Amino acid sequence: MKHIALSSGDRTSTIVSATSLGVMVVTLLAYLLLPKASSKGLVSKKQKAVFQIELANQKSKESLAAATTQIVAQTWTGSAQQIGPIALTKIGALAQAHHLKLNGFRPQRADNAGDLTLQPFLINIAGTFPDLIGFTKEIEAKGSRLAINMIQVASADSNTDAITASVGVMAYTAPQKPATTTTTTKTTVTKNG
């Protein structure tokens, strides 16, 4: 047999060729044997993110609707000239029910707080302290649409439990909006994926 002598340049090119061939074989095996990357996981993550955002949006809308319902239940509509007589009637009935004498009911200067108008009233009453407590609890009860912002109590007679009191109440008035036709759409969120 004849030995072929390779020069150093030929040896280098042979090593490079063999290494390249080895890398190609390894790449081919990796391509054939390793699992394929799929976009299914990415789509699933995107669907979950969209679902979470839609769910949070729906919860926010429900929370806003509940808050709006509470605000509407606690606010008045109309002007101070319309609210005053209604509030006086309510306060008079409450005072009578709690055996208190209504000595005065005076509207005070209105103030604005954002979109709400605060209409204060000053009530002067006489009676007993326990009756005053029952009266104030009923004013603050849910649905009365009046809020107490001040109470001043003085003894009317040192020998009895008779008192006189000044009670400040506040009526919150929401701005009147023009009648508009609105459509409500309900979004139903279902989990896909």
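Read the figures in this text as sums done on the coordinates, not as results from a lab. In this text, all values refer to a predicted model and were calculated from it rather than measured experimentally. A quick note on method: Cβ atoms are made from the backbone with ideal geometry, for glycine too, and the neighbour counts reach across all protein chains shown.
Numbers for the structure displayed
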item: Calculated diffusion of region 74-160, Stokes-Einstein form, Kirkwood radius summed over Cα pairs, 4 °C and 1.567 mPa s, µm²/s; result: 92 µm²/s
item: Region 80-173, dipole about Cα centre (Lys/Arg Cβ +1, Asp/Glu Cβ -1), debye to the nearest 20; result: 220 debye
item: Gain on full stretching of the segment that runs from Ile133 to Ala30 - 0.36 nm per residue minus C-alpha separation; result: 28.7 nm
item: For peptides 99-112, 125-138, sequence by mean Cβ density within 10 Å, most packed first; result: 125-138, 99-112
item: Full-stretch length increase - Ala141, Gln96 - with 0.36 nm per residue and alpha-carbon distance subtracted; result: 14.5 nm
item: Difference of contour (0.36 nm per residue) and Cα-Cα distance, Ala110 to Thr75; result: 11.2 nm
item: Cβ-placed point charges (K, R +1; D, E -1), dipole of region 48-123 about Cα centre in debye, nearest 20; result: 200 debye
item: In nm, spacing of pseudo-spin labels at Ser166 and Ser13 (7 Å Cα→C-beta vector); result: 11.1 nm
item: Percentage, to the nearest whole number, of Cα pairs in region 8-108 over 16 Å apart; result: 80 percent
item: Val50-Ser20 pseudo-label distance in nm [points 7 Å out on the Cα-to-Cβ vector]; result: 4.7 nm
item: Mean Cβ neighbour count within 10 Å, used as a protection proxy, ranking 76-85, 163-172, 26-35 highest first; result: 163-172, 76-85, 26-35
